[in-house]
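Only the coordinates and a few stated rules stand behind these numbers; no lab work does. Being a predicted model, the structure only gives us computed values, none of them experimental. Don't worry about glycine lacking a Cβ; one is built from the backbone with ideal geometry, like all the others, and counts go over all protein chains shown.
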Amino acid sequence: MKKLPFIFCLFLMWSCATKQVPAPQSYSIEQFYQNVRFGGGAFSNDETKLLVSCDETGIFNVYEIDIASTEKTAVTHSGEESFFAVDYVPGSGDILYSADKGGNEIDHIYLLSSDSITTDLTPGENEKASFGGWSDDKKSMYYISNKRDPKFFDLYKMPIATWEAEMIYQNDAGLDVSGISKDEKTLVLTKAITTSEDKMFLYDLATKEMKEITDGNGNYGSSGFSEDGQYFYYITNAAKEFAYLVEYEISTGEKKVLYETNWDVMYSYLSENGKYRVIAINEDGKNSLKVIDNETDQEVALPQIPDGDVVAVSISDSEKLARLTIGTSKAPNNIYVYNFESGELKKLTNSLNSEINSDDLVSAEVVRFSSFDGLEIPAIYYKPIVASPDNKVPALVWVHGGPGGQTRVGYFALIQYLVNQGYAILAVNNRGSSGYGKSFYKMDDRNHGDKDLKDCIAGKDWLAAQDYIDADKIGIIGGSYGGYMTMAAMTFTPDEFKVGVDIFGVTNWLRTLKSIPPYWEAFREALYEELGDPFSDDSVRLYNISPLFHAGQVKHPVMVLQGANDPRVLQVESDEIVAAIRGNNVPVEYVIFPDEGHGFVKKENEIKGYGQIKDFLDHYLKGIPPAAE
């Protein structure tokens, strides 16, 4: 980096010292959740509308957006369960959407006809189903379902004319159906060996011949077939640190690397007729999108959008339009439509509450710090505008879900709310996080609650070293695996963090790993390989790293949030650790949501839960007395 002249540095220091940064306006949790979230964005058959999910009513419903007028119209009106848009039915105005019940993750696929009649296409009581796309002739729907055996997902074909399902692949071997060729002759099947190693196969539906195309240890993911069926595309990190895109010639078995860089290729796909290829790269915690024109082999120059990044692209069947999802850390994602031919870019949504000035929010910053053993740890950092050496602020270490997840640059209302209220937040991507190479990803295998926790403590030390942080007021917060890390910190290193907030977190690995949902069967062995097998000698280590059995060591206040319908972390886990900590006469706040699963879906619950998190932190971290009731 080029050094600034010494005199200029002195001037800069003087300017900063004399210029007062105006305090941002403080916003309520209700204002932050008057933001609107949008998801999906499938084009209608005539490409005049987009089908989206939107939570402006407090839960997600399905809406259509008219591209010309930008008018948004609700097509479902649920007041209880969230409905998520899937797609338009080809050749009609009918719509598919998915929904579960109360967060139980038993998703069904529903058909909403143009005359407003709703039909559950996958009505089995415990049937979990996922949309798998349309046949090449657009006359049938593919989907996977575990209705035959709760542990395994079979592949079905359902003609639009009758909506009667026909099984086309029975999965008895615990494989995952990852794709089907346009001519319906070849399936892509994968099997998880560990969380960092898969096997991939091409399966001939006519001959039932299975051909493994795995070439070295690594992760493998399908990226579809060429229009003529000669080539299959996949993403792997075999023999390399980062995932790259491969072209596989089916007749010869010849392989060719199509695209690679020094970050993971997350996904890639061809547009309907193969004119464009979309490639998404996980570049240092944020999406980098490339659209390649296959006729010229040149990258399409997508429009630049101020204060926003293209985080997702969907190309219409005519290949004339693209739906762009635009993200920023200071506002929820917005949806745009881009015309390849005219170059016109049209914004269709306004997600940020008009009462909130985005200048009062903060941009995420990528930082790095050294852990206890010298390993460099990446993190996403949010510094409050009001923080200064003369106005030291409290801070939180934020831990993502997983294991193997990643905190990425983007908008999360809870983070912006807490930062707006004067809390610095360091979202640590501890060893074991994805996105930084497979060696980094594997560093926490059979080592959870130890070195990954030490990375979080190193993050706390990094915060404490900043001259605008109150080093005596640093807590830890996280959800799911991050909730586990929170409770591990409060239990195994009880002097490090002043408070802990556990959102749907694991506290008893023995119970969690024994009670995983049946539809995780294909992934169970891989999960046991990383974390340990609770039915083996690993149970000793799993006991030792489970906070529940060591809750007597907790010294500082804890808050626990739990969904009653959570199929992954059962409510009994949170019940037990709350009772154990209360037995130590340590303050615990426990909030249960009877209509949520493993994570929040309903705005009213987010407002309640996240608002109570802020009150808890204000009391136990900032030292503000609770408001009188």
Checklist entry - If all Cα-Cα distances of segment 35-172 are sorted into 5 Å bins from 0 onward, what percent lands in each bin, rounded to whole numbers? => result 2, 10, 19, 22, 19, 15, 8, 3, 1, 0
Checklist entry - Once amide H atoms are placed 1.01 Å from N in the peptide plane, what residues at a sequence separation of 5 or more from Leu121, or on another chain, have their amide H within under 5 Å of its amide H? => result Ile109, Tyr110, Leu111
Checklist entry - Once amide H atoms are placed 1.01 Å from N in the peptide plane, what residues at a sequence separation of 5 or more from Met266, or on another chain, have their amide H within under 5 Å of its amide H? => result Ala280, Ile281, Asn282
Checklist outcome for this item: In whole Å, largest first, the alpha carbons of segment 507-629 cover along the principal axes 51, 34, 19
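Expressed as a rounded percentage, what relative contact order does segment 362-621 have, with Cα pairs under 8 Å and six or more residues apart? Each step should come with its number before you reach the end.
Values: 531 pairs, mean separation 42.1, N = 260.
It rounds to 16 percent for segment 362-621.
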Next on the checklist: Given an 8 Å cut-off on Cα distances and at least 6 residues of separation, report the relative contact order of segment 374-485 as a percent.
Outcome noted: 40
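How do Trp263, Trp398 rank when sorted from fewest to most other Cβ atoms within 10 Å of their own Cβ?
Numbers: Trp263 19, Trp398 29.
Lowest count first: Trp263, Trp398.
Can you tell me which of 241-254, 278-291, 424-437 comes out highest on packing, and rank the rest after it, using the mean Cβ neighbours within 10 Å?
Numbers: 241-254: 16.3, 278-291: 19.1, 424-437: 24.7.
Top of the packing list down: 424-437, 278-291, 241-254.
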Next on the checklist: Under 5 Å between amide hydrogens, which residues at least 5 positions from Val75 or on another chain qualify, with H placed 1.01 Å from N in the peptide plane?
Outcome noted: Val62, Tyr63, Glu64
Checklist outcome for this item: Taking the alpha-carbon centre of each part, the distance from segment 73-134 to segment 379-425 in Å is 36
Checklist entry - Stretch Ser539-Asp172 to full length: gain in nm at 0.36 nm per residue minus the Cα-Cα span? => result 129.3 nm
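Hey, fewest Cβ within 10 Å first, where do Met158, Met487 land in order? Each step should come with its number before you reach the end.
Working: Met158 20, Met487 30.
Taking fewest neighbouring Cβ atoms as first place, the list is Met158, Met487.
Using C-alpha positions alone, give me the convex hull volume of segment 362-621 per residue in cubic angstrom.
Working: hull volume 31.3 nm³, N = 260.
Looking at segment 362-621, the number lands at 120 Å³ per residue.
Using alpha carbons only, what's the Rg to Rh ratio of the chain with Rh from Kirkwood? Intermediate values should be presented prior to the final figure.
Details: Rg = 25.1 Å, Rh = 26.2 Å.
Reported Rg/Rh, Kirkwood definition of Rh: 0.96.
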Checklist entry - On a 0 to 90 degree scale, rounded to 10, what angle separates helix 603-617 from the longest Cα axis of the chain? => result 30
Item to check | On Cα atoms only, tilt of 481-492 relative to the major axis of the chain in degrees | outcome: 30
Checklist entry - How much mean residue ellipticity at 222 nm does the chain get from its helices, if each DSSP H run of length 4 or more adds -39500 (n - 2.57) and you divide by all residues, to the nearest 500 deg cm²/dmol? => result -5000 deg cm²/dmol
Item to check | Sequence of Glu47, Glu166 once ranked by neighbouring C-beta atoms within 10 Å, starting from the fewest | outcome: Glu166, Glu47
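How high is the relative contact order of the chain, given as a whole-number percent (alpha carbon pairs under 8 Å, six or more residues apart)?
On the way: 1449 pairs, mean separation 62.9, N = 629.
About 10 percent, as a whole number.
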